[in-house]
Amino acid sequence: MDIIDDDIAGFIEGEVMTVLAGRDAGMAATIGRGVGTARVGPDAFETLFSRAQWPQLAHDLHSGAPLAITFAAPSDYRCYQIKAVVLEAGPADAEGQHRAARYMADMAARLAGFGVPARPIAVWLCAHDLWRVRYRVREIFTQTPGANAGRKVSERGS
């Protein structure tokens, strides 16, 4: 996707924690955690999350809805936030299920290596009733703490 470079694409598709934020009809924020590595495609990105764990978010992610996704590396707090528009959301396919299972095992091991106890990891990494959301990126910002936090990296017009 021409809005991001290979370094950012590799980061987003890597071992990062993901938080999704939408909004309900009253403009109140709805949030959820992603599970599984994101996929960066030529026309859209895709992120997985548990509809069972985040039902309000799933309800609010309809075609045309705004979406913000933050990708954060647990090792060094490097972060990017994407502002996007939802293309579609629905049940994950078998490949998505496999990707989520692999991600959960890898991320649980990685977080345990940083001293995070198993109990909160199990809550964060839930793939029950796994859904995927496809979205078109509009803007990308760096959110890594420091002087460049909040700096716009790139943008796509309507």
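The values are calculated or read from the model by the stated rules, or taken from the named source; none is laboratory data. Because the structure is a prediction, the values reported are computed rather than measured. With ideal geometry, Cβ positions are generated from the backbone for all residues, glycine too; neighbour counts draw on all protein chains shown.
Observations on the structure shown:
- Residues (within 22 Å of residue 51 (Cα to Cα), more than 16 Å from the chain's Cα centre (by Cα) and surrounded by 15 or more Cβ atoms within 10 Å (Cβ to Cβ)) located in the stretch 100-128: 108, 121
- Of the numbered criteria (1) over 18 Å from residue 38 (Cβ atoms); (2) modelled with pLDDT of 95 or more, the one residue 51 fails is (1).
- Of all the residues in the stretch 87-128, those that are basic (Lys, Arg) and closer than 18 Å to residue 72 by Cβ number 1.
- Selection within the stretch 16-42 - assigned to a loop (DSSP other than H, G, I, E, B), within 24 Å of residue 108 (Cα to Cα) and either among the charged types (D, E, K, R) or touching a helix residue (DSSP H, G or I) at 6+ places or on another chain (Cβ under 6 Å) (or both): 35, 36, 37, 38
- Scanning the stretch 119-144 for residues that are in contact with a Ser or Thr (Cβ under 7 Å, 6 or more places away or on another chain) and of a type in the set (S, T, N, Q) yields a single hit, 143.
- Residue selected from the stretch 48-66 under the condition touching a Lys or Arg at 6+ places or on another chain (Cβ under 8 Å) and assigned to a loop (DSSP other than H, G, I, E, B), by the criterion surrounded by the most Cβ atoms within 10 Å (Cβ to Cβ): 54
- Residue 45 being buried (at least 19 other Cβ atoms within 10 Å of the Cβ), under 11 Å from the mean Cα position of the chain (by Cα) and more than 19 Å from residue 111 (Cβ to Cβ): yes
Here is a yes/no grid of residues against (1) under 16 Å from residue 141 (Cα atoms); (2) hydrophobic (A, V, I, L, M, F, W, C); (3) at pLDDT 95 or above:
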| position | (1), (2), (3) |
| --- | --- |
| 85 | yes, yes, yes |
| 88 | no, no, yes |
| 105 | no, yes, no |
| 109 | no, yes, no |
| 114 | no, yes, no |
| 117 | no, no, no |
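- Only strands (runs of 3 or more DSSP E) whose full extent lies in the stretch 67-158 are considered here, and the ones with at least 3 residues that are among the aliphatic types (A, V, I, L, M) are 79-91, 130-142.
- In the stretch 36-67, the residue that is farthest from residue 94 (Cα to Cα) out of those that are touching a Leu at 6+ places or on another chain (Cβ under 7 Å) and among the polar types (S, T, N, Q) is 63.
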